[in-house]
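First comes the structure, then the notes that go with it.
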Amino acid sequence: MESKVRVRFAPSPTGPLHIGGVRTALYNYLFAKKHGGTFILRIEDTDQTRYVANAEQYIINALEWCNIPFDEGPTKEGNFGPYRQSERKDLYKKYADELIKNGWAYYAFDTAEQLDAHRKDHEENGKTFIYNWHNREKGRLVNSLVLNEEEVQKRINSGEKFVVRFKTPQDDSLVLEDKIRGKITIDTNTLDDKILFKSDGMPTYHLANIVDDHLMEISHVIRGEEWLPSLPLHYLLYKAFGWKTPSFAHLPLILKPVGKGKLSKRDGDKIGFPVFPLEYTNTKTQEVSRGYKEDGYFADAFINMLAFLGWNPGTEQELFSLEELVQEFNLERVSKSGAKFNPDKTKWFQQQYMQQKSNEFLTDLYLPILEEKGIKSSKEFVQKVIAAVKERAVFVTDFWELSSFFFEAPKEFDAKASKKNWKEGTTELMQELISVLESIEDFSSENTETKIKEWIVSKEIGFGKVMQPLRLSLVGALKGPHLFDIIAMIGKTETISRIKKAIATL
Ligand code: GLU
């Protein structure tokens, strides 16, 4: 029987979460929910030099906005906490000690200067310095593989700085399994002896990550492609501890719109697109980065777009609710190659979601905007307005531009359109139209349309001669929805008053 699915999103709080990180979280969430599993948030904050104070809260807020809540994590303690590595600090040392005891790791005392010198030396001879089987026991490097035990203890006790390095086995061929990439074979002689633990008492990413994945009973590690080079070491660590290895899936990079290179914040600025879910203020520089939320995207549109950056359902369907994504998602359909970020497609998703939203829902979002403009209107009226203009809107912030004339008379008239459409005789025609309008009792869209069209036909003139100046009078420009719908909605008095104003102005 398959064991319980437990997955984790394990960001380091070094700044705002890039959309690549949100996608990793999303795929973890979808995978967990699909298999009735648990989605965990683990904050990997062992590297205090890169720690940014407001980053963790940003991550939590972003997941909340995206509607992909974690089941266990900081502020949601489960049975495997704490979920911040800095709070688990004390438990890692014993695992480093265990590896040393079993011969899978060793102390190394080489100073930064010494290592630099080795590096330089190698470079001068056209070689690359790698700390591994090749040189670790040759005597030039200072570690517990060459020093005797007494000497090692003496150095440690005297407070000398050390690191614990993994003793990568020599001449071994590792066969790694990745759910997306398949089998990967690695020659261990190409690997270096990575640092696992430092004398400041802090583990490095590798040790803390593996220990925590084991202790938190993680069944599947789903993370970005940039961690693929760490996979051989992680496999070896599981072997060294004698622990069951979880399944791995490394997600493809999110690429710049042009296709080459990883999408960066700078690309976002260049093409005018956010690369972060929420707005972020850098506390040091005060620089503000745009967010999808603040730019007016609906969270579900954003998530749908992200789901497709690296995955597809294998059908033509592109619009998926979160529940549908949970149903359809599988790692087998995640692509190996990088996913090109497409700003137009991102907007397309938003527009599609806009059309799907109910007029009631949108009304609640539009009302505060109207209020801010000092416009008082009933919910019913605003709902009708939204029904009339929604198909042209991408964002809620487009509503005003598309519908202001439903709420107030135009402040000006489009000069070009006026010149073209308000000609000799137009004023007289509009005056006559006012009388026609005054005589109409039933001011519904259909009735005014019939009556006005009958009048135009009786005058034997083209429709445009009346309709264009009339639209100009009511809207201020030659835009907007069906003219008779506007007339019906603003009513007789307002319609006539606007025509009079146009006559007086044009
Ligand atoms: N802390 C790593 C990161 O920042 C986690 C990598 C992993 O998921 O193993 O992405």
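The values are calculated or read from the model by the stated rules, or taken from the named source; none is laboratory data. Computed from a prediction, not measured in an experiment: that's the story for all the values here. Note: ideal-geometry Cβ built from the backbone for every residue, glycine included; neighbour counts use all protein chains shown. Heads up: the accessible areas ignore ligands, DNA and RNA and are worked out on the full protein's heavy atoms, side chains in. Shrake-Rupley method; radii C 1.70, N 1.55, O 1.52, S 1.80 Å.
Data overview
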quantity: Segment 265-308: number of residues that are part of a helix (DSSP H, G or I) and either surrounded by fewer than 16 Cβ atoms within 10 Å (Cβ to Cβ) or at positive phi (or both); calculated: 4
quantity: Some residue of segment 195-213 being part of a loop (DSSP other than H, G, I, E, B), within 15 Å of A105 (Cα to Cα) and within 14 Å of the ligand (Cβ to nearest atom); calculated: yes
quantity: Filtered residue count, segment 90-106, keeping only those that are surrounded by fewer than 16 Cβ atoms within 10 Å (Cβ to Cβ) and closer than 17 Å to A10 by Cβ; calculated: 1
quantity: Among (1) among the aliphatic types (A, V, I, L, M); (2) open to solvent by 80 Å² or more (accessible area, probe 1.4 Å); (3) under 26 Å from V382 (Cα atoms), the one test that M489 misses; calculated: (2)
quantity: Leading residue by the ranking (farthest from A307 (Cα to Cα)) among those in segment 23-72 that are away from the ligand (no atom under 14 Å from the Cβ), of a type in the set (G, A, S) and open to solvent by less than 20 Å² (accessible area, probe 1.4 Å); calculated: G37
quantity: Of residues in segment 234-250 being in a strand (DSSP E or B) and more than 10 Å from the ligand (Cβ to nearest atom), the one farthest from R6 (Cα to Cα); calculated: A249
quantity: Residue match in segment 124-132 (condition: basic (K, R), out of contact with any Cys (no Cβ under 7 Å at 6 or more places or on another chain), under 26 Å from G201 (Cα atoms) and assigned to a loop (DSSP other than H, G, I, E, B)); calculated: no
quantity: Top-ranked residue in segment 214-228 [being surrounded by fewer than 19 Cβ atoms within 10 Å (Cβ to Cβ) and either of a type in the set (F, W, Y) or near the ligand (Cβ under 9 Å from one of its atoms) (or both); ranked as farthest from T168 (Cα to Cα)]; calculated: G224
quantity: Answer residue from segment 181-194, given it is open to solvent by 10 Å² or more (accessible area, probe 1.4 Å), charged (D, E, K, R) and away from the ligand (no atom under 15 Å from the Cβ) and is farthest from I40 (Cα to Cα) among those; calculated: D187
quantity: Residue check for L231: within 14 Å of the ligand (Cβ to nearest atom), under 33 Å from the mean Cα position of the chain (by Cα) and buried (at least 17 other Cβ atoms within 10 Å of the Cβ); calculated: yes
quantity: Residues that are within 11 Å of the chain's Cα centre (by Cα), outside any helix (DSSP H, G or I) and within 11 Å of the ligand (Cβ to nearest atom), drawn from segment 1-22; calculated: L17, H18
